[in-house]
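**Student:** The structure follows.
The values are calculated or read from the model by the stated rules, or taken from the named source; none is laboratory data. No experiment lies behind these values; they were computed from the predicted model shown. All Cβ positions, even for glycine, are placed from backbone atoms using ideal geometry, and neighbour counts span all protein chains on display. Only protein heavy atoms, including side chains, enter the accessible area calculation; ligands, DNA and RNA are left aside. Shrake-Rupley method; radii C 1.70, N 1.55, O 1.52, S 1.80 Å.
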Amino acid sequence: MDTIDRTSERRPPIHCIGIHDKTPEMRMLYVSSSVRQAMQYEPSEIIGQPSMPFVANGNTEGYKHLMDAQNQNKVVVTGVLVRTSMGEMYYTRIIHFNCDNIALNLCTIYPDPLPEPAVTPPMSFEVFDPNTPQ
């Protein structure tokens, strides 16, 4: 009888909603309670904070590109690493939408820690203009 290696099983993704302002700091205005399970933070620890400290690879140039696209009222899909309160890095896909002077983020966090030392993948972007047929 074959044995199953349960150490290779992946945990299911966790979905979160976040809202940040459109300042260069992208200060968090709201996060859903699922952030507790996803990143081991209480929402109150994130609300009011700039977004960048939670991005594991600290890609400020990538986020500048994101802000530029958001300011042009485009939908942006990104892939980033986020850092949990325990220091683990999780891959996260985020869909960013502009809503007046805030940005709505729909996040899918894949809660499987990357092996140490983790190779930081580049931040990826897909930009969609809702005014242009795809």
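**Student:** Could you tell me which residue of region 105-120 is modelled with the lowest pLDDT, considering only residues that are within 14 Å of the chain's Cα centre (by Cα) and open to solvent by 50 Å² or more (accessible area, probe 1.4 Å)?
**Tutor:** Among residues in region 105-120 that are within 14 Å of the chain's Cα centre (by Cα) and open to solvent by 50 Å² or more (accessible area, probe 1.4 Å), the one modelled with the lowest pLDDT is Tyr110.
**Student:** Suppose we filter Glu42, Glu61 for residues that are modelled with pLDDT of 70 or more, over 15 Å from Cys107 (Cβ atoms) and of a type in the set (Asp, Glu); which single one remains?
**Tutor:** Result of the check over Glu42, Glu61: Glu42.
**Student:** Which residues, taken from region 20-39, are open to solvent by 40 Å² or more (accessible area, probe 1.4 Å) and modelled with pLDDT of 90 or more?
**Tutor:** Of everything in region 20-39, those that are open to solvent by 40 Å² or more (accessible area, probe 1.4 Å) and modelled with pLDDT of 90 or more turn out to be Arg27, Leu29, Tyr30, Ser33, Arg36, Gln37.
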